[in-house]
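A.B. asks: Before we start, here is the structure in question, set down as structure tokens.
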């Protein structure tokens, strides 16, 4: 069943690896970044908004802290939070999507939930939850991103699971009296590996967007933490004095979002490419 | 909305009175369904604000304030009333334009009445630009499927659709405002609180629209590719019709429902992104109100903004339903 999607011809697999590699490298760099930072991230090294040169190749930020060190250190929390959201959303959507395909009543509830959620822009949703839960911190951001992402993801999995759920061997197992969880875990989900991998990539992109935007709107990491989005907000006042204090974290977020999205798009199984791309 | 549906039906000579009633009924059904979904959203918003720890009186409390002061403010803001009573007030107040009271005791509707039209202007212009640019790029890419141009457009669209708006905005400000000095980086306002000139709108609209153009270009391109597989298109090509005519008379009308659905999805992204972009350009919209709400942890304000935004998106989705009904009706 899965053979057609898993066995890819060698050149195609080579191309796929090339498209996924930049995203993997950038994620690894962001995770390892704090260990590579040459200076402390919370102590001034230069004058405020000092131009690049000498000790600080990207200059200083609004308090004279080393921009290079803060950029190296400022990606880990974004990447870890986004990965956590992507894992949680994909896992919940996998189970709920497979159940929706097997039990149409559940599927209809999920459809309605997605219809309601369409009326709530994700950025406003994350503000709603973080402002209503002032002490929530990172947990509030993760919770908000989770609930804002799950209905769409379930819709995608349910769509991919429908043909599997209707296939002879699943029906045979259902008639044979197998329990629902057995059908979900042993019969349906193993055939959706390619879809789930692509979904994980797409949810990671969506999470990077949301978590970074939350950081920029100052409802995510709080100063003096080093965080790419927060750095852009904090240093925008000195953009004329040292553009690198804003430009470097912008490039970092931009490259991360672009490379992960290109990797996720390459992972989407050919058979699953619908007219409306699912994000 | 029932009126527009009936006019379409009149174009067809075969349409009888029964068909007209049917169209009107199904249109009414769509409206009722959309309003119900909106009501559910508003109930969810109330529940989220209510169930999460922390309330408006708590959020604005000064350091060293006594428990009695806090209870006093809770009473002033009406937070000590029973949950069901407050829920009823919230749901019944919304249709009359009452969006509740902010943590500082101001009416949320008054707070939003001046900035919200500015945000709608920004979002509307961005939606228009998204429509024009994505249809043009999608058609351009679809002209030679699989060619270098098609691949370049598709790859760049995929690359930019995931970019957060504030990253795009930073790039635009650096290039067009600081290095070339062509456009203003900060929005100046008139006495009535609206942007002083059209130049102020260019960069915010671009920053909002660019990621959405990426997203919608992919949708247009994919919808055209799906439509090109239809048998009547093949016949038109074999009949030797000019390419431009096939595109405008056969491909685009067929792809219209998908393109509209994509744009409707973008409306939410544009209104959410507007909050971010307005902060960067100091644009006088709801973003500036929300920036204050973030500092005060003022949840009633964000709940009010979500309610108004929900109404706008419901309107756009209704328009999209209408276009879909019209497109499929014309084909039947």
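A.B. asks: Starting from the Cα of residue A:225, step 7 Å along the direction of its Cβ; do the same at residue B:282; then give the gap between the two resulting points in nm.
C.D. replies: Rounded to a tenth, the inter-label distance reads 2.8 nm.
A.B. asks: Moving on. Output the 0 to 90 degree angle, nearest 10, between the alpha-carbon long axis of helix B:17-51 and the longest principal axis computed from the alpha carbons of chain B.
C.D. replies: For B:17-51 against chain B, the angle is about 40 degrees.
A.B. asks: Another question, then. How big is D, in µm² s⁻¹, for the protein assembly as shown by Stokes-Einstein at 10 °C and 1.306 mPa s if Rh is the Kirkwood radius over C-alpha pairs? Could you put the intermediate results ahead of the total?
C.D. replies: Details: Rh = 26.2 Å.
The estimated diffusion coefficient comes to 61 µm²/s.
A.B. asks: Helix-only estimate, please: 222 nm mean residue ellipticity of the protein assembly as shown, summing -39500 (n - 2.57) across DSSP H runs of length 4 or more and dividing by its residues, to the nearest 500.
C.D. replies: -23000 deg cm²/dmol
A.B. asks: Further question: Tell me, what is a quarter of the convex hull surface for the C-alpha atoms of segment A:94-146, in nm² with one decimal?
C.D. replies: Quarter of the Cα hull surface area: 4.2 nm².
A.B. asks: With the contact rule set at Cα under 8 Å and sequence spacing of 6 or more, what percent relative contact order holds for segment A:24-123?
C.D. replies: Details: 108 pairs, mean separation 21.9, N = 100.
About 22 percent, as a whole number.
A.B. asks: Could you work out how much longer the chain between residue B:104 and residue B:196 gets when fully extended? Use 0.36 nm per residue separation minus the Cα distance between them, nm to one decimal.
C.D. replies: Extra length available between residue B:104 and residue B:196 comes to 30.2 nm.
A.B. asks: What order do you get for A:148, B:36 when you list them from fewest to most C-beta neighbours inside 10 Å?
C.D. replies: Working: A:148 24, B:36 13.
Ranking A:148, B:36 by Cβ neighbours within 10 Å, fewest first, gives B:36, A:148.
A.B. asks: Still on this structure, I have one more. Pairing the Cα long axis of helix B:83-93 with the longest principal axis of chain B, what angle in degrees results, from 0 to 90 and rounded to the nearest 10?
C.D. replies: The angle comes out at about 50 degrees.
A.B. asks: Compute a Gaussian network model of chain B, connecting alpha carbons closer than 10 Å, and tell me which residue from B:242, B:164, B:211 fluctuates the most.
C.D. replies: B:242
A.B. asks: Quote the FRET efficiency, to the nearest 0.05, computed for residue A:182 versus residue A:111 with a Förster distance R0 of 22 Å and r equal to the Cβ-Cβ distance.
C.D. replies: 0.30
A.B. asks: Tell me, what is the percent relative contact order of chain A, built from C-alpha pairs under 8 Å that lie six or more residues apart?
C.D. replies: In percent, rounded to a whole number, it is 26.
A.B. asks: Something else about it: Between residue A:80 and residue B:31, take the C-beta separation as r, use R0 = 51 Å, and let me know the FRET efficiency to the nearest 0.05.
C.D. replies: 0.70
A.B. asks: With N residues in segment B:180-288, what two-decimal value do you get for its Cα radius of gyration over 2.2 N^0.38 Å? Before the final figure, lay out the partial values.
C.D. replies: Numbers: Rg = 19.8 Å, N = 109, 2.2 N^0.38 = 13.1 Å.
So segment B:180-288 has a normalised radius of gyration of 1.52.
A.B. asks: Additional query: Which value, in Å³ per residue, describes the convex hull spanned by the Cα atoms of segment A:127-172?
C.D. replies: Cα convex hull per residue, to the nearest whole number: 82 Å³.
A.B. asks: Additional query: What distance in nm separates the simple spin-label points at residue A:91 and residue A:24, each placed 7 Å from Cα in the Cβ direction?
C.D. replies: 2.3 nm
A.B. asks: At 0.36 nm per residue, and after removing the present C-alpha to C-alpha distance, how many nm does the segment from residue B:132 to residue B:40 gain when stretched out fully?
C.D. replies: Working: separation 92, 0.36 × 92 = 33.12 nm, distance 3.33 nm.
Result: 29.8 nm gained on full extension.
A.B. asks: Just to be sure I understand the model, the point goes 7 Å from the Cα along the line to the Cβ. What's the resulting residue A:138 to residue A:174 distance in nm?
C.D. replies: 4.2 nm
A.B. asks: Follow-up. Expected output is a single nm value to one decimal: the length gained when fully extending between residue B:19 and residue B:182, i.e. 0.36 nm times separation in residues minus the C-alpha distance. What is it?
C.D. replies: 53.0 nm
A.B. asks: List B:200, A:231 from most exposed to least, where exposure is judged by having the fewest other Cβ atoms within 10 Å.
C.D. replies: The most exposed by this proxy come first: B:200, A:231.
A.B. asks: Pairs of alpha-carbon atoms within less than 8 angstrom and 6+ residues apart define the contacts here; what relative contact order does chain B have, in percent?
C.D. replies: Computed over chain B, the figure is 25 percent.
A.B. asks: Relative to the longest principal Cα axis of chain A, at what angle does helix A:76-102 sit, 0 to 90 degrees, rounded to 10?
C.D. replies: Between the helix axis and the principal axis of chain A, the angle is about 10 degrees.
A.B. asks: Another question about this same structure. When Rg is the radius of gyration of the Cα atoms in chain B and Rh is its Kirkwood radius, what does Rg/Rh come to?
C.D. replies: Working: Rg = 24.1 Å, Rh = 22.9 Å.
That ratio equals 1.05.
A.B. asks: Just to be sure I follow: if Rg is taken over the C-alpha atoms of chain A and Rh is the Kirkwood radius over the same atoms, what is Rg/Rh?
C.D. replies: 1.06
A.B. asks: May I ask you to sort B:227, B:72 by Cβ crowding, counting other Cβ atoms within 10 Å and putting the fewest first? Spell out each step's value before the answer.
C.D. replies: Details: B:227 20, B:72 14.
The most exposed by this proxy come first: B:72, B:227.
A.B. asks: Which values, in whole Å and largest first, are the semi-axes of the equivalent ellipsoid of segment A:149-213 obtained as the square root of 5 times each eigenvalue of the Cα gyration tensor?
C.D. replies: 30, 10, 9
Every number in this text was worked out from the coordinates using simple rules, so none of it is lab data. What you see is a predicted model, and the numbers here were worked out from it, not measured in a lab. FYI the Cβ positions are ideal-geometry reconstructions off the backbone, even for glycines, and counts take in every protein chain you see.
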